[in-house]
1. What residues have an amide H closer than 5 Å to that of LEU52, excluding those fewer than 5 places away on the same chain, when H is modeled at 1.01 Å from N in the peptide plane?
2. Keeping the other protein chains in place, figure out the carbon and sulfur percent of the accessible area of the stretch 128-172, with a 1.4 Å probe.
3. By the scheme Lys and Arg +1, Asp and Glu -1, what is the net charge of all other residues having a beta-carbon under 13 Å from that of ASN97?
4. Could you do me a favour and compute the accessible area per residue for the chain, 1.4 Å probe, result in Å²?
5. If I require 24 Å or longer along the helix axis, counting alpha carbons, and a Kyte-Doolittle average no lower than 0.0, what helices from the chain are left? Use full DSSP H segments.
6. Counting only other residues whose beta carbon sits under 15 Å from that of GLU57, what net charge do I get with K and R as +1, D and E as -1?
7. Could you tell me which label, among (1) 193; (2) 159; (3) 105, carries the value of volume of the Cα convex hull per residue in Å³ calculated for this structure?
8. Rank GLY59, GLY158, GLY134 by mean-square fluctuation in a GNM of the chain with C-alpha springs under 10 angstrom and give only the top-ranked residue.
Amino acid sequence: MLELSILGFLAEEPLHGYELKERIKALSGHVRPVSDGALYPAIARLIKAGKLDQHEEPGASAAPRRILSLTDAGREELLERLRHPKQAEITDQVRFNTVLSFLRHLPDRREQAEVLRRRLDFLNAPTSFFYDGGEPVRAEETDDLFRAGMLRVARATGTAERAWLTEAIETLGQPSRTRR
């Protein structure tokens with residue numbers, strides 16, 4: 001997820017490491033904060049693999065700033081990750097939001113729709129946070145006020161997400177129009 005965020009944000013514009021960290025934090029930091037100890041080694045791996053370039057520019061003070069940008073290999077890596085997200089990137093809401101944040105970079109609308117279909121298929125499978133005898137427990141079936149609340153909120157957000165996914169897949173199946 002971290003490398004996908006790095007590639008995705010740098011596909012939009014070259015960034016200083018601190019700016020990149022702030023954007024990643026804004027995307028998922030409240031749920032999964034990014035530390036310098038994770039970010040900078042990931043950046044170093046991507047530079048070593050030829051996915052990122054770096055150069056120095058004068059900083060606001062005396063210290064130069066290291067600016068990161070995506071290479072052609074990095075762009076191809078981003079597109080490949082968007083075409084074929086890992087299963088955890090489909091099933092985990094925060095990870096899926098990361099994929100969704102950058103899916104517009106994938107130029108083929110059919111490939112975009114396929115990623116959304118995978119998420120929709122996952123959401124349509126019967127599931128619950130809680131089970132009784134191997135069967136999913138529904139909000140109406142529990143006497144636990146707090147579990148019932150979790151289940152009701154999950155059902156409401158799932159319903160809204162399924163409706164949006166269905167609409168988005170339909171839109172992607174229509175002839176391309178200028179999108180903003």
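1. ILE47, THR71
2. Percent of accessible area from carbon and sulfur atoms in the stretch 128-172: 56.
3. 0
4. Ligands and nucleic acids excluded, the figure is 62 Å² per residue.
5. The answer, listed by residue number, is 145-173.
6. -2
7. (2)
8. GLY134
The values are calculated or read from the model by the stated rules, or taken from the named source; none is laboratory data. Just so it is clear, the structure is predicted and the values come from calculations on it, not from any experiment. For neighbour counting, all protein chains shown are included, and Cβ atoms are generated from backbone atoms with ideal geometry for every residue, glycine included. Note: accessible area is taken over every heavy atom of the protein model, side chains too, but ligands, DNA and RNA are not part of it. Shrake-Rupley method; radii C 1.70, N 1.55, O 1.52, S 1.80 Å.
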